[in-house]
């Protein structure tokens, strides 16, 4: 226990250079207040995009959330935990960074939400088999060397459902990387492992889950709101902007750079 937070990392996780680098990077966030409150107080369009990604991650699972138990994997400072708690879930917020988990605890305290913080390795979760109703990840598995190992762990601990929301392998993203509009490596030192929805559904299927919703969609934003997002967040522009994004995804979402896969245990 560190300042009341369980730190449940096996020795192999503590000594792994890649995992240690990830933890140290997120321990050293330069604006902890922003991390605790995001998306609160951000420009309207930027905040809408963050919440829209989380909403897509719960489509098909809405009825399971009120009163259900959820573990968030690679949950950072608790933005996804807050969203799920506001849907009525009891949330265990996990991350390999103690500072990130501490921020998630502060988020829960500040907004009076049912969030239990825990330092944990996404590839070796300190939870019993089928011990939570739902395992949820939002932009987290791509930090792992082998993202599908994280999918396996989520399937192991979830009794009812799994929701995986990650960057998707997409031709448009590959082109953006080549011209410098998107990144192949993150500042934390990991290669951004863009995933294939079929690989996720296949792995979950082999673990006894049936996919109830799998979608690709387009959504691009930085960690903080850029100039375009700030400009389009003006009162007269934010409505048309969100409408346009929805319409683009209705027409061409299958080519998008994000994925959301939800599956239930058979």
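Nothing in this text is a laboratory measurement; each read-out follows from the coordinates by a stated rule. What you see is a predicted model; the values in this text were computed from it and never measured. Every residue, glycine as well, gets a Cβ built from its backbone with ideal geometry; the counts of neighbours run over all protein chains shown.
When peptides 146-159, 83-96 are ranked by their average number of other Cβ atoms within 10 Å per residue, the highest-first order is 83-96, 146-159. Spin-label model, residue 124/residue 237: points 7 Å from Cα along the beta carbon direction are separated by 4.9 nm. Residue separation of residue 244 and residue 59 scaled by 0.36 nm, minus their Cα-Cα distance, works out to 64.5 nm of gained length. Note on residue 230/residue 206: beta-carbon distance plugged into 1/(1 + (r/R0)^6) with R0 of 25 Å gives a FRET efficiency of 0.05. Springs join every pair of Cα atoms under 10 Å in this Gaussian network model of the chain, and among 219, 79, 118 the largest mean-square fluctuation is at 219. Stretching residue 34 away from residue 109 to a fully extended chain increases their span by 25.5 nm, per 0.36 nm per residue minus the current alpha-carbon distance. Residue separation of residue 221 and residue 139 scaled by 0.36 nm, minus their Cα-Cα distance, works out to 28.3 nm of gained length. Across the alpha-carbon set of the chain, the Rg to Rh ratio works out to 0.94, Rh being the Kirkwood radius. Oblate is the label for segment 1-76. Its Cα gyration tensor axes, ordered a ≥ b ≥ c, give a/c of at least 1.5 and b/c at or above a/b. Explain nothing, just the number: relative contact order of the chain, from Cα pairs under 8 Å at least 6 residues apart, as a whole percent. Contact order relative to length: 21 percent.
Label sites at residue 213 and residue 266, each approximated as a point 7 angstrom past Cα along Cα to Cβ, lie 2.2 nm apart.
In the chain, the DSSP-assigned H stretches of four residues or longer account for a calculated mean residue ellipticity at 222 nm of -12000 deg cm²/dmol, using -39500 (n - 2.57) per stretch and the full residue count as denominator.
The GNM of the chain, with springs linking C-alpha atoms under 10 angstrom apart, assigns the highest mean-square fluctuation among 28, 120, 229 to 28. Taking 142, 40, 223 as the candidate residues, the one with maximal mean-square fluctuation in a Gaussian network model of the chain, Cα springs under 10 Å, is 223.
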